[in-house]
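The values are calculated or read from the model by the stated rules, or taken from the named source; none is laboratory data. Worth saying up front: this structure is predicted, and the values here are computed from it rather than measured. Every residue, glycine as well, gets a Cβ built from its backbone with ideal geometry; the counts of neighbours run over all protein chains shown. SASA here: full protein model, heavy atoms, side chains in, ligands and nucleic acids out. Shrake-Rupley method; radii C 1.70, N 1.55, O 1.52, S 1.80 Å.
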Amino acid sequence: MNTRVNVDVKLGVNKFFVDEGNPHIEIAENPSLQEYAKLEAACPAGLYRRDEKGAVRFDYAGCLECGTCRILCGKTIVKRWEYPNGTFGVEFRYG
Amino acid sequence: MSDDKFDVIVVGAGLAGCTAAFLMAQAGMETLVIERGNFAGAKNMTGGRLYAHSLEAIFPGFADDAPVERCIVHEKISFMDETSSVTLDYASTASGSPAERSYSVLRSRLDPWLAEKAESAGAVFVTGVRVDDLLVRYGKVCGVIAGGEEMEADMVILADGVNSLLGEKLGMVHTVTPHHCAVGVKEVIELGRQKVNDRFGCCDKDGAAWLFAGMPSAGYMGGGFIYTNEDSISLGVVFGLHNTGRSAKSVPQMLEDFKNHPTVRPLVEGGKLVEYSAHVVPEGGMEMAPKLVGEGVLIVGDAAGFCLNAGYTVRGMDLAVASGKAAAVAAINAWQRADFGASSLSVYERELDGSFIMKDLRLYRKLPSFLDNRRMYNDYPAMATGMMKDLFTVNGPSRPLRKKMIPHLKKAGFMNLIKDGWKGVRSI
């Protein structure tokens, strides 16, 4: 039991149209790490991470567009939250 | 520009938007639906269960034609700790009354069907276009702005989902707070029809719905679910966002551990993950209700927070359909009178008040706070599994049943049981 989840593998089966170079979510530069930890725990796509040095690493590709980060930490971390432009982002084949 | 003007623009081609569009187009209104996904349903997901009554009222016998997955005839509810579970199991046959049935559905299949109905009725669909803003003149909504262009209409219906950025811009929708919502994560796991039948005790077009309380949401408000589709299952976890940070487990890890629970693992073994999705569930009920009617604008479905979590049933889609219908009634009425002001459109609120939506939302008003009680997800599942363990364990001379059971009740606390039982009954 208790195998560590690998979200990237799961995202890998999804169909995405990534709007390269045009992020629909932008985060603050030096977010409170306490708040950031909430997003690390809650983001279903595991997009809020920290590297080995503890530096914040966020990637909008792989976003499932649920809005959890927008709701949880609002402007303290998420500077801008929009839906991806038309035709871009995740496309559910099952839903 | 006036030639291009529509009577109504609907933002979002989900169940609420498409239902409204179908009815308005059918009544003769020039209706435009704008959807940011590449097709209706491309951005939509659900846990998986549609209570049929709302759609049945509009399309009698719809399930014969619509791409639903299975008719739910088998209900299970489990209380679950880390290693064991106790299950309440109810099996029946499909109700003779179509309006009493419920179906497992996949939105990327169901929504295009409903969109096509609306299109056949005359609604125009534009997909792959994101609405960026609303066109407001003299305090009245009179169109949308998308891709830098303005599109005019006498009125707009916002069916843009739980993150209704447009509703927020208008000041009608409050930003959803962690207290009023949960996040749902889901895997669609392909098993093949036969395995689904065998493992869930169903045949042909019949299926099962299974809810799990306790361990799936790490002992906090929320739970796990499985719905059987035609040849796959939808398996997921819902977690109340206000408890984020209290649990050491991440939400994706909750789903993974749930899937690996001894009760669940045999059900998914050999299955193939075909999609991973997530969605926010508006669970605040009446507490998060937005302003539903404005000058030239109505808000429907998830954007209006129309969702009901009664613990044993979780509903959103039937409310979406019914709110779309109520909005259509108001819109058609306004169109016939050529008055799209807020007081004219307030017919929507009257329609909602007279429908099951507001009645049920009022009925369940106190439930969200009642369900936000850790005993529900820790002590009681542990009590149930502990009692069963003692009941079924033989390791020497037996003790009287009463003596086996009482310590478990004591552990959960007699007063807690009485209090929660009383509060539970009073909140529904």
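Using a 7 Å offset from Cα along Cα-Cβ at B:Arg265, what residues in the range B:210-230 end up with backbone N under 12 Å from the label point? Hits in the range B:210-230 for B:Arg265 at 12 Å: none.
Annotation: chain B has a Kirkwood hydrodynamic radius of 22.7 angstrom, from the mean reciprocal C-alpha pair distance.
Only one residue of B:Leu308, B:Val297, B:Val251 has its Cα farthest out toward the positive end of the dipole of the range B:234-314, where Lys and Arg carry +1 and Asp and Glu -1 on Cβ, and that residue is B:Val251. Computing Rg and the Kirkwood Rh from the Cα coordinates of the protein assembly as shown gives a ratio, Rg/Rh, of 0.98. Solvent-accessible area of chain A (1.4 angstrom probe, protein heavy atoms only): carbon and sulfur portion equals 48 percent. Averaged over its residues, chain B has an accessible area of 40 Å² per residue, based on protein heavy atoms and a 1.4 Å probe.
Rounded to the nearest 20 debye, the dipole magnitude of the range B:1-146 is 220 debye, with +1 charges on Lys and Arg beta carbons, -1 on Asp and Glu beta carbons, and the Cα centre as origin.
Stokes-Einstein diffusion of the range B:100-167 at 20 °C, 1.002 mPa s viscosity, Kirkwood radius from Cα pairs, rounded to a whole number: 150 µm²/s.
Using a Förster radius of 51 Å, what is the FRET efficiency between B:Ile418 and B:Glu149 based on their Cβ-Cβ separation? Nearest 0.05, please. The value I calculate is 0.25. What part of the accessible area of the range B:46-203, given as a whole %, is carbon or sulfur when the probe is 1.4 angstrom? The C+S portion of the solvent-accessible surface of the range B:46-203 is 51 percent.
For the pair B:Asp204 and A:Ala37, label points projected 7 Å from Cα toward Cβ lie 5.6 nm apart.
Both radii are taken from the alpha-carbon atoms of the range A:1-81; with Rh as the Kirkwood radius, Rg/Rh is 0.96. Farthest toward the positive end of the dipole of the range B:201-275, out of B:Ser232, B:Gly214, B:Leu273, is the Cα of B:Gly214, where the dipole comes from beta carbon charges about the Cα centre.
Grab the beta carbon distance between A:Lys75 and B:Arg374, set R0 = 30 Å, and tell me the FRET efficiency rounded to 0.05. That pair, A:Lys75 with B:Arg374, gives E of 0.50. Here is the P(r) of the range A:53-95: all C-alpha pair distances, binned every 10 Å from 0, give 22, 50, 24, 4 in whole percents.
Dipole size of the range B:87-155 about its Cα centre, with +1 on Lys/Arg Cβ and -1 on Asp/Glu Cβ: approximately 200 debye, rounded to the nearest 20.
Here the range B:386-428 is treated as a Stokes sphere of Kirkwood radius computed over C-alpha pairs; at 20 °C and 1.002 mPa s its diffusion coefficient rounds to 179 µm²/s. Counting Cβ atoms of other protein chains within 10 Å of each Cβ in B:244-256 and taking the mean gives 6. Rg/Rh, computed from the Cα trace of the range B:228-325 with Rh as the Kirkwood radius, has the value 1.05. Diagonalising the gyration tensor over the Cα atoms of the range B:10-100 and scaling each eigenvalue by 5 before taking the square root yields semi-axes of 34, 19, 9 Å, largest first. Legend: distances between Cα atoms for B:Lys169/B:Lys291; B:Lys195/B:Lys272; A:Lys75/B:Lys169; B:Lys249/B:Lys423; B:Lys76/B:Lys404; pairs beyond 19 Å are B:Lys249/B:Lys423; B:Lys76/B:Lys404. In a DSSP loop and with at most 12 other Cβ atoms within 10 Å, the chymotrypsin sites (Phe, Trp or Tyr not before Pro) in the range B:309-357 are B:Tyr312.
Per residue, the convex hull around the alpha carbon atoms of the range B:173-227 comes to 121 Å³. Measuring how big the range B:353-416 is from its alpha-carbon positions, Rg and Dmax come out at 18.4, 62 Å. The base-10 log of I(q)/I(0) for the range B:280-428, evaluated at q = 0.10 Å⁻¹, reads -0.52 [Debye formula, identical scatterers on Cα atoms, solvent excluded]. Residue-wise HN-Hα couplings along the range B:29-43, as the Karplus relation 6.51 cos²θ - 1.76 cosθ + 1.60 with θ = phi - 60° gives them from phi, are 6, 6, 10, 10, 10, 10, 10, 7, x, 6, 7, 4, x, 4, 10 Hz; Gly and Pro carry x.
The helix-only estimate of mean residue ellipticity at 222 nm for the protein assembly as shown, built from DSSP H runs of length n ≥ 4 each weighted as -39500 (n - 2.57), is -9500 deg cm²/dmol after division by the residue total. Dipole check for the range A:1-68: with +1 at the C-beta of Lys and Arg, -1 at the C-beta of Asp and Glu, and the Cα centre as origin, the magnitude is about 360 Debye. Stretching the chain fully between B:Asp133 and B:Asp353 yields a gain of 76.3 nm (0.36 nm per residue, less the alpha carbon separation).
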